[in-house]
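Reviewing the structure listed below.
The values are calculated or read from the model by the stated rules, or taken from the named source; none is laboratory data. The shown structure was predicted, so the numbers you read here are calculated from the model rather than taken from an experiment. Neighbour counts are summed over all protein chains in view; Cβ atoms, including those assigned to glycine, are modelled from backbone coordinates with ideal geometry.
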Amino acid sequence: MAAAQRLTPRLLSMRLLLLLVITISASIIGLIVGSMEISFGDLLSVLFSSNSNQTISKIIFDIRLPRILLAIAVGGGLSVAGAVFQAILMNPLAEPYILGISSGGTFGAVLAMMLGISFIWISTFAFIGALCVMAVVFILGRRFGELEPNVLLLTGIMVGAFFSAAILLMMTMLGDSIRSAIFWLIGNLALAKAETVYYILPVTIIISIFLSLNGQKYNVLSLGTENALHMGVNTAFIKNVSYILASIMIGAIVSVSGIVGFVGLLIPHVCRLIFGIDNRIVIPASFFVGASYLILADTLARSIIAPAELPVGAVTALVGSPIFIYLLRKRFNLIT
């Protein structure tokens, strides 16, 4: 807790401002890099001049900018949710998808694909599926009115396994839609549209801000439930509200991007390695670092085999898994 006391508002603001600059820089890279290269001068012309090239303007505003904004929402939201779950469950391996919410969302999406309905309804079904699993895990994971970390984790894993099996069963009956289902399972931002960003980005930002403002309470929770109660923290309320809000955010994210793995697990650990264990900086920093990471991963995914593209979830897993193993070994070596 000594490290937490040294984090002044001025230092916190300076660090977050630096991370915001990094996110903006990653966004600029995402705007100019792709199957059609756009120079920085052309980008400035499109953004600040009315006499810009119409083709370049269409690529930036209709294709790349919505995709970058969606990457910010997905990457930032998953990272914040991962940091919060690791805090309230006191488990460093907790991540947004471990509680089965992603399986519920994917189940809803695949069910909609089987019914042959439009993308809007696929997203709606995915969101409803995620919320249903969230409610089931929440109800079964409580003890004496408070979330019990071990019970919650085991319940989430079992419920997720059940829906994963149901998804595999449905995929055998999909036919021509199986490619869309696979892209959903891997994670993909290719269907990013302005109307999608209009609701997912505000939801992610508002929930992330609320969770970030509770960073000090998560610090106190790390001392144990009894100690936290003695220090005036309503542990049942903060755990329940944090779980519900983070789960709603994950459900919204899964409904538009599918399962983008390793972001929510990896990024909070990277932030702790850089900034320390104080959740007042770890949680908001996770948003910016996660957003930057997913922007760059998606830029790589759509550029490496252009004009075709890779699912961004495959890139985050390929890049993230060795980084996470390195961080584990580094931390273990420091301890031993």
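In this entry, Ala301 is excluded by the filter for residues that are in contact with a Leu (Cβ under 6 Å, 6 or more places away or on another chain), in a helix (DSSP H, G or I) and surrounded by fewer than 22 Cβ atoms within 10 Å (Cβ to Cβ). One residue is enough: does the stretch 210-227 have a residue meeting the conditions exposed (fewer than 14 other Cβ atoms within 10 Å of the Cβ), free of Cβ contacts under 8 Å to residues at least 40 places away in the same chain and either polar (S, T, N, Q) or within 25 Å of Leu318 (Cα to Cα) (or both)? The answer is yes, given that some residue of the stretch 210-227 is exposed (fewer than 14 other Cβ atoms within 10 Å of the Cβ), free of Cβ contacts under 8 Å to residues at least 40 places away in the same chain and either polar (S, T, N, Q) or within 25 Å of Leu318 (Cα to Cα) (or both). Within the stretch 270-286, the residues that satisfy the criterion of being in a helix (DSSP H, G or I) and surrounded by fewer than 23 Cβ atoms within 10 Å (Cβ to Cβ) are Val270, Arg272, Leu273, Ile274, Phe275, Arg280. Residues being among the aliphatic types (A, V, I, L, M), more than 20 Å from Met14 (Cβ to Cβ) and surrounded by fewer than 24 Cβ atoms within 10 Å (Cβ to Cβ) are represented in the stretch 246-255 by at least one member. Do we find that Leu47 is surrounded by 18 or more Cβ atoms within 10 Å (Cβ to Cβ) and assigned to a helix (DSSP H, G or I) in this structure? No.
This table checks each residue for (1) over 15 Å from Thr204 (Cβ atoms); (2) modelled with pLDDT of 90 or more; (3) not acidic (Asp, Glu).
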| residue | (1), (2), (3) |
| --- | --- |
| Ile72 | no, yes, yes |
| Met90 | yes, no, yes |
| Pro96 | no, no, yes |
| Ile128 | yes, yes, yes |
| Arg143 | yes, no, yes |
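Of everything listed in (1) assigned to a helix (DSSP H, G or I); (2) more than 24 Å from Val21 (Cα to Cα); (3) touching a residue at least 40 places away in the same chain (Cβ under 8 Å), the single unmet condition for Pro307 is (1).
In this structure, is Ser57 modelled with pLDDT of 90 or more and hydroxyl-bearing (Ser, Thr, Tyr)? Criteria not met by Ser57. The condition of being over 15 Å from Ser27 (Cα atoms), basic (Lys, Arg) and either assigned to a helix (DSSP H, G or I) or modelled with pLDDT under 90 (or both) holds for Arg331. Screening the candidates Ile283, Ile274, Ile250 for the property of being farther than 30 Å from Ala135 by Cβ, of a type outside the set (Phe, Trp, Tyr) and at pLDDT 90 or above yields one hit, Ile274.
Could you tell me which residue of the stretch 1-44 is farthest from Pro307 (Cα to Cα), considering only residues that are polar (S, T, N, Q) and either in a loop (DSSP other than H, G, I, E, B) or modelled with pLDDT under 90 (or both)? Ranking the qualifying residues of the stretch 1-44, first place goes to Gln5.
Against the test of being touching a residue at least 40 places away in the same chain (Cβ under 8 Å), out of contact with any Pro (no Cβ under 7 Å at 6 or more places or on another chain) and buried (at least 16 other Cβ atoms within 10 Å of the Cβ), the options Leu131, Leu93, Leu89 yield a single qualifying residue, Leu131. Has the stretch 187-197 got any residue that is without any contact (Cβ under 8 Å) to a residue 12 or more places away in the chain, closer than 25 Å to Ile120 by Cβ, surrounded by fewer than 17 Cβ atoms within 10 Å (Cβ to Cβ) and among the aliphatic types (A, V, I, L, M)? No - not one qualifying residue is present in the stretch 187-197.
Per-residue answers, yes or no, for (1) under 29 Å from Asn214 (Cβ atoms); (2) modelled with pLDDT under 90; (3) not acidic (Asp, Glu):
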position: Gly232; (1), (2), (3): yes, yes, yes
position: Ser255; (1), (2), (3): yes, yes, yes
position: Gly261; (1), (2), (3): yes, yes, yes
position: Gly264; (1), (2), (3): yes, no, yes
position: His269; (1), (2), (3): yes, no, yes
position: Tyr326; (1), (2), (3): no, yes, yes
